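> One structure coming up, written as structure tokens, with questions to follow.
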Amino acid sequence: MGKKAKENKDERESFAAKRAKEKRRNTLIAIGVLVGVAAIVGYSAYNFVNLGGSGPGAPQGAGVLGDEHEHAAILVRIFGDKFDFSVPVYQIKSSWIHFEGQDGDTIHRHASGVTLGYLFDTLRISLTDKCFVFPDGREFCTNDEYSLKFYINHNQVPDIRNYVLQEDDRILVSYGNETPEQIEAQLIELDSQQLLK
């Protein structure tokens with residue numbers, strides 16, 4: 001074998017060794033990344049299953065996600081106009097309590113202890129005992145001419161933020177200067193709403 005042939009053979013072997021080393025290094029990096037991703041997914045799944053309501057992003061005071069599944073009807077009327085929760089922007093904003101199935105009349109609660117205040121927070125609707133504020137900033141607050149009123153199962157209540165809905169509850173939020181007859185008509189409308197279960 002000549003000197004030049006031997007040099008070419010050494011170069012080929014050296015090149016092949018470098019390629020094999022690079023391939024091994026890239027394989028080890030890929031395995032490391034996959035192991036890291038698997039660890040993150042595993043940790044997240046563990047927290048989701050075992051921590052339930054106490055996990056990150058859970059409502060304060062909530063039980064374990066899935067420990068209850070309750071449904072209630074809601075009707076929100078602002079100056080007589082029905083607020084539409086069936087549009088996509090208000091659908092399933094939280095696993096704990098939400099609207100779903102393009103239905104804006106039924107609230108689904110999936111854990112004990114989750115309040116209506118948390119539902120409205122997830123929808124970016126500010127709700128107090130005096131004001132209903134849309135995500136775009138429009139405010140409807142009790143004043144000398146108009147009032148914000150809350151009813152649960154035909155009973156007027158001062159506030160609903162801390163209320164934990166029960167199965168088949170009927171919740172009315174009404175803003176305006178309605179007469180008792182108009183409120184009664186809204187309550188009858190609310191009673192006629194079908195719950196999506």
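The values are calculated or read from the model by the stated rules, or taken from the named source; none is laboratory data. The structure displayed is predicted, hence computed values, not measured ones. Virtual Cβ from ideal backbone geometry, glycine too; neighbours counted across all protein chains shown.
> Mind counting the residues in segment 119-130 that are touching a Phe, Trp or Tyr at 6+ places or on another chain (Cβ under 7 Å) and touching a residue at least 12 places away in the same chain (Cβ under 8 Å)?
2
> Which of (1) modelled with pLDDT of 70 or more; (2) assigned to a helix (DSSP H, G or I); (3) farther than 23 Å from Ser174 by Cβ is the odd one out, the single condition Val89 does not satisfy?
Going through (1) modelled with pLDDT of 70 or more; (2) assigned to a helix (DSSP H, G or I); (3) farther than 23 Å from Ser174 by Cβ one by one, Val89 breaks only (3).
> Within segment 72-84, can you find the residues that are more than 21 Å from His154 (Cβ to Cβ) and part of a loop (DSSP other than H, G, I, E, B)?
Phe79, Asp84
> May I ask you to list the residues in segment 96-112 that are of a type outside the set (Lys, Arg) and either closer than 18 Å to Pro158 by Cβ or crowded, with 18+ Cβ neighbours inside 10 Å (or both)?
Residues satisfying the conditions are Trp96, Ile97, His98, Phe99, Gly104, Asp105, Thr106, Ile107, His108, His110, Ala111.
> Can you pull out the residues in segment 149-177 that are buried (at least 18 other Cβ atoms within 10 Å of the Cβ) and in contact with a Lys or Arg (Cβ under 6 Å, 6 or more places away or on another chain)?
Across segment 149-177, the qualifying residues are Leu165, Ser174.
> Where residues in segment 159-188 are free of Cβ contacts under 8 Å to residues at least 40 places away in the same chain and touching a Phe, Trp or Tyr at 6+ places or on another chain (Cβ under 7 Å), which of them is farthest from Leu116 (Cα to Cα)?
Ranking the candidates gives Asn177 first.
> Six or more apart or on different chains, Cβ under 9 Å: which pairs go from a residue in segment 133-153 that's assigned to a strand (DSSP E or B) and at pLDDT 95 or above to one that's among the charged types (D, E, K, R) and exposed (fewer than 11 other Cβ atoms within 10 Å of the Cβ)? Could you list them?
From residues that are assigned to a strand (DSSP E or B) and at pLDDT 95 or above, the pairs are Val133/Glu139.
> Take Glu167 and decide whether it is among the charged types (D, E, K, R), modelled with pLDDT of 95 or more and assigned to a helix (DSSP H, G or I).
The answer is no for Glu167.
> Also, quick follow-up: Looking only at segment 135-143, decide whether some residue is more than 23 Å from the chain's Cα centre (by Cα) and of a type in the set (Lys, Arg).
Within segment 135-143, not a single residue is more than 23 Å from the chain's Cα centre (by Cα) and of a type in the set (Lys, Arg).
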